[in-house]
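A short worksheet on the structure shown next.
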Amino acid sequence: MTRSISLSTLRRMKADQTPIVALTAYDYSFARVADRAGVDLVLVGDSLGMVMQGHAGTVPVTLEEMAYHTRCVARGLDRAYLMVDLPFLSDYDSRAALESAAMLMKEGGADMVKIEANAEQAPIVEALSRAGVPVCAHFGLRPQRVGQLGGYRVQGRGEEAAEQVLADARALEAAGADILLVECLSAPVAARVRASTGLPLIGIGAGVDCDGQILVLQDILGITPGRPPKFSHDFLAGRDSIPAAVEAYVEAVRSRRFPGPEHGFE
Ligand code: KIV
C-alpha cells in the first residue's frame, strides 16, 4: 500500500528543518495510534525481542518474527513511513541481506530496511541500494553487537572514536544509505555527523542536533521493566490515555522540546 509519507517527504523535512518524529511499534493497534498521532516514521525494531518477547537482547529475534510483526504494523499505517530492522545475522553478507529485505518488503509491506552497519558493512548497504532497497544505516551503538562490546556503552567519546564514527557516516552515505540513525552517541559527535551529511539523521540518545528522534514505544509509556534509559521520557505520566501520550511525544519532538540536553551524553 502507498502511505502518504515517503522518503522524499523525510528528505524535505530535513531540508525544511522540520523535526522527523519516529517511534517503534510492533502490532496493528499501536501502529494505528502512532499513525493517527502524527508519527512520521514507524520502526518495527528488533527491540521487540526485549519488549514483546522478554529476551535480554535483540539477538534471538528471527526474520520470520520480524516479517510477522511488520505485516501487523503495515495494516495499521495510512500515513507513516514503515522502516523494519534486519535482525541479527539475517544480513551477514550481501546475498543474505537482499533475501531478508525481499521478505520484509514483499511479504511484510516494509518501505525501508534498517541495518546495523559501520564502514565494514558498507558493501552490504551498497548491494541493497543497488537492488533498489531503501536503506537506513544504524551506527554508533549497535545493539546486535553488545555481546562483542561487552555492554551498552556510549559511543564516539574521544577524538579517535569520533573520527571513526565520522568515517562510518561517510562510508555509509557513499554506499547509498538513504537515512542515518545513530544510537547512544556522544552529542557533540552526532552534531558533527549531522553537519557532514546530506542525509536525514535520526537520533536516539544522540543529543539535540539530529534531524529527527526515535524512541521505543514502551519507553514513552513508562512500562519498560527496570530503570528507564536516560535518553527516554515517560509521556504517559500525567496523561489519561495512550493516544494522548503518543500525541504529546509527537508535539514535544516537533517543537524541539524533546530531547533536552539532559537526555544526551557528552
Ligand atoms: O530496535 C529498535 O527499536 C531500534 C531503535 C532503538 C532505534 O533499533
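The values are calculated or read from the model by the stated rules, or taken from the named source; none is laboratory data. Owing to the predicted nature of the structure, the values given are computational and were not obtained by experimental measurement. Don't worry about glycine lacking a Cβ; one is built from the backbone with ideal geometry, like all the others, and counts go over all protein chains shown. For the accessible areas, the whole protein counts, side chains as well, though only heavy atoms, and no ligand, DNA or RNA atoms are used. Shrake-Rupley method; radii C 1.70, N 1.55, O 1.52, S 1.80 Å.
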Just one of (1) part of a helix (DSSP H, G or I); (2) more than 15 Å from the chain's Cα centre (by Cα) trips up THR70, so point out which. (2)
Please work out if ARG12 is over 16 Å from the mean Cα position of the chain (by Cα), surrounded by fewer than 17 Cβ atoms within 10 Å (Cβ to Cβ), within 16 Å of ALA110 (Cα to Cα) and of a type outside the set (Gly, Ala, Ser). no
Out of all the residues in region 4-16, is one or more charged (D, E, K, R), farther than 25 Å from GLN148 by Cα and free of Cβ contacts under 8 Å to residues at least 60 places away in the same chain? yes
Any chance ALA117 is touching a helix residue (DSSP H, G or I) at 6+ places or on another chain (Cβ under 7 Å), away from the ligand (no atom under 16 Å from the Cβ) and modelled with pLDDT of 95 or more: no
Identify, please: which residue in region 17-55 is in contact with a helix residue (DSSP H, G or I) (Cβ under 7 Å, 6 or more places away or on another chain) and without any contact (Cβ under 8 Å) to a residue 40 or more places away in the chain and is, among those, farthest from the ligand (Cβ to nearest atom)? HIS55
When you go through (1) open to solvent by 60 Å² or more (accessible area, probe 1.4 Å); (2) over 25 Å from GLY38 (Cα atoms); (3) outside any loop (DSSP other than H, G, I, E, B); (4) within 16 Å of the ligand (Cβ to nearest atom) one by one for VAL59, which number turns out not to apply? (3)
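Looking for something closer than 23 Å to ALA34 by Cβ, over 19 Å from the mean Cα position of the chain (by Cα) and among the basic types (Lys, Arg) - is there at least one such residue anywhere in region 155-166?
Just the residues of region 155-166 that are closer than 23 Å to ALA34 by Cβ, to begin with: none.
The answer is no, given that none of the residues of region 155-166 is closer than 23 Å to ALA34 by Cβ, over 19 Å from the mean Cα position of the chain (by Cα) and among the basic types (Lys, Arg).
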